[in-house]
């Protein structure tokens, strides 16, 4: 068995669902990425525009890199009971955040895979990334044959859908690349959505100016997580009850609805108190209570002020007067961001009654 196959087998042994290899070089979607940045679709995520040459070509990240070992871990889970998931007095959290932070789980596995490569190919250097470094993971995952890029810009595996955590190892080891995702004649990996545009049409905030392009300034995931300021008032009603991320474009995808099987990641499990919380109760969390509830989960990224900002918006969208006492108490919050969004929510509820 050659080195490439041994590495892929080791990745599966470690618990990844798919693994593949791409040859290091300039990313096939580098020009599209640069155009995306020029249009300002990255919003205020300035790190994405920092040192673009490194993002275009992994050989600038790891000198001498010959290959990328790309892996994916599926995390699709069914909706919680309707009585919880469709209760407008509760918030919704995107599936990937239903438990421990995936960075903390996947990076150690990648480090084990790197150690295996070092053992099998003495002298080879490796560098691991899980969505935190200058690597275009989805592009390289498609190049490594792990799936294709869907119109919602996410990687889709024909058997697992798009609910995938992606990680990658840059290595100087000489490996045999896999066949990339099928080509539609223009761009690699963009040929298996056909005429379907369900993901584009279902987006509540119309965050897709065109297929394969996400305008982060309108994306609910960006607005509720990476955005550290106020959510534009014009977009707040469309956010609905999402308080951290959004699964709308993934959940509607036929590849997920028809083929994806529920997974059982050891580090993810749905807990209604944390991941579909009572919004009025959520507004009462002080800093220590927030840390105690969400420690080690991705939700700490939004910080308390961001999560309560989002909860205030969701309460305004619920529109029930029962939310007014919690929102009025929030007018005394130490964070101006929370106070300002509570004012909006109160006004929205009062205008309805």
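Readers should treat all values here as calculations from the given coordinates under stated rules, not as data from a laboratory. Every value quoted in this text rests on a predicted model; they were computed, and no experiment measured them. Counting neighbours? That spans all protein chains shown, and the Cβs are built from the backbone with ideal geometry, glycine included.
Summary of computed values
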{"read-out": "Calculated P(r) tail over 18 Å for region 3-171, as whole % of Cα pairs", "value": "63"}
{"read-out": "Spatial separation of Cα centroids for region 290-353 and region 4-59, in angstrom", "value": "36"}
{"read-out": "Linear extension gain, residue 322 paired with residue 131, 0.36 nm per residue minus alpha-carbon span", "value": "64.7 nm"}
{"read-out": "Highest to lowest packing among 215-221, 163-169, scored as the average C-beta count within 10 Å", "value": "163-169, 215-221"}
{"read-out": "Between region 228-283 and region 112-173, the Cα center-to-center distance that results, in Å", "value": "25"}
{"read-out": "Of 214, 338, 61, the one that fluctuates the most in a GNM where the chain has Cα springs shorter than 10 Å", "value": "61"}
{"read-out": "Residue list for region 8-29, given a label point 7 angstrom along the Cα-to-Cβ vector of residue 54 and an amide N cut-off under 13 Å", "value": "none"}
{"read-out": "Mean residue ellipticity (222 nm) of the chain, computed from DSSP H runs ≥ 4 via -39,500 (n - 2.57), nearest 500", "value": "-10000 deg cm²/dmol"}
{"read-out": "Principal-axis tilt of helix 303-318 within the chain, Cα atoms, nearest 10 degrees", "value": "60"}
{"read-out": "Extension reserve of the residue 329-residue 278 stretch, reckoned as 0.36 nm per residue once the Cα distance is removed", "value": "16.8 nm"}
{"read-out": "Segment residue 228-residue 2, length gained on full extension (0.36 nm per residue, minus Cα span)", "value": "76.6 nm"}
{"read-out": "Among 131-137, 264-270, the order from most to least packed when residues are scored by Cβ within 10 Å on average", "value": "131-137, 264-270"}
{"read-out": "Nearest 10 degrees, 0 to 90: helix 102-120 Cα axis against the chain principal axis", "value": "10"}
{"read-out": "Kirkwood Rh, angstrom, the chain [1 / mean 1/r, Cα pairs]", "value": "21.4"}
{"read-out": "The chain: angle of helix 3-14 to the longest principal axis, Cα-based, in degrees nearest 10", "value": "30"}
{"read-out": "Percent of C-alpha pairs per 5 Å bin, region 22-91, short to long", "value": "3, 13, 15, 13, 12, 12, 9, 9, 8, 5, 1"}
